[in-house]
Amino acid sequence: MTQVRLMKSVVNPMNISAVIREFLIFCEAQGLSEDSLRSHKYALRKFFRTYQGELSDSKNIKASLSIMLQGVQDAYYNKQLNAIRKFFDYCKDEGITDSNPATAFKYRRPTVQIVDHSEEVVKSFLKVIDKTTFAGLRDYIFAILILDNGIRPNEALQLKVEDVNFAAKQIRVRREYSKTRIERYLPVSLPVLQEMKKLIAVRPTTWKTDAPILCTFDGHKTPARNMQKRFRDYSLMIRETITPYHLRHLFGLWFIRNGGDAFSLQKIMGHTKMNMTSVYVNLADADIKKSHEKASPLTNLMSPKRVRSLTSK
């Protein structure tokens, strides 16, 4: 693809939008996902509503970026900064600017908050989903699929029928809709596959063959925000907040608690680095420590209450 090169002398607030369009086209050609493209577009629009100057004005760009990133949570901070840094990397490579002023800002190490729920709460959540409707059965499959293998919610919403190998009990997360842009294969339990077959069986023959499995009632991709809203509605029914990502957290925790190993968990969940996986391991280790303190035979033997009961005989 031929790139349009804009000279530094002609870039001004009036044609920055043209540079942004070219940048997004470039990102799309590099295989960036639709969600990432949307996120980049949103961040750039937000930034250039604050900054109205030249792309070569590093000092004022840094000042505007400081305002934009002030007081936001770590994960959101990193997402917005990533978009701005990539944009100015593109500008530098295209000869529009001499440097990337956004590199003066460092990424933050986000504080990971893993949410835990009891099995009783999760069972109650699943129970309130009405599986007699198409949307309800879809929501139920979406929930148990994430609980079964920790697939990311957005990855689950893009699965197609051809991505499921029913005989091998396996699903494929394609590179184009994987968050890490790495294709991977995930195991799926038989109960999940059986529910999937029910949903696929009621799909109208008029739908396009590439309609996602967990689609809307008319065969289109279910927006993540719609699923989040439906989860809020279900949560109100049981008076406990459960989100799609909570279920992914639960998979990671329960996998380790039930004897799974960290390296398998990293591969299944699609973590590129072990530090994220280690959060689940550390939490599970803390559970083991608490259980040991509570159930250790020696602790019970040496406790004052236990000693009195022994000497009283």
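For the listed peptides 237-249, 271-283, a ranking on the average number of other beta carbons within 10 Å per residue, highest first, reads 237-249, 271-283.
Across region 233-256, the residues whose backbone nitrogen lies under 20 Å from the label position 7 Å along the beta-carbon direction of LYS198 are 234-235. Here the extension length gained between ASP57 and LYS123 equals 18.1 nm, from 0.36 nm per residue of separation less the Cα-Cα distance. Calculated mean residue ellipticity, 222 nm, the chain: -18000 deg cm²/dmol, from DSSP H runs (n ≥ 4) at -39500 (n - 2.57) each, averaged per residue and rounded to 500. Decide, for region 96-250, between rounded, prolate and oblate: order the square roots of the alpha carbon gyration tensor eigenvalues as a ≥ b ≥ c, take rounded if a/c falls under 1.5, and otherwise choose prolate if a/b is larger than b/c, else oblate. In terms of gyration-tensor shape, oblate. Taking a ≥ b ≥ c as the square roots of the eigenvalues of the Cα gyration tensor, region 169-238 is rounded, since a/c falls below 1.5. Under a model in which nothing but the beta-carbon of Lys, Arg (+1) and Asp, Glu (-1) is charged, the chain shows a dipole of about 720 debye around its Cα centre. Against the chain, whose longest principal axis is taken from its Cα atoms, helix 16-29 shows a tilt of about 50°.
Here the convex hull built on the C-alpha positions of the chain has a volume of 203 cubic angstrom per residue. Where the alpha-carbon atoms of region 44-86 are placed on the principal axes, they occupy 28, 20, 16 Å, in descending order. The angle separating the long axis of helix 74-93 from the principal Cα axis of greatest extent in the chain is about 30 degrees.
Once you reduce region 55-108 and region 115-159 to the center of their Cα atoms, the two points are 38 Å from each other. Between the Cα long axis of helix 244-257 and the first principal axis of the chain there is an angle of about 50°, rounded to the nearest 10.
The numbers here are math on the coordinates, done by the rules we state, and not lab data. It should be emphasised that the depicted structure is a prediction, and the values quoted were computed from it without experimental measurement. A quick note on method: Cβ atoms are made from the backbone with ideal geometry, for glycine too, and the neighbour counts reach across all protein chains shown.
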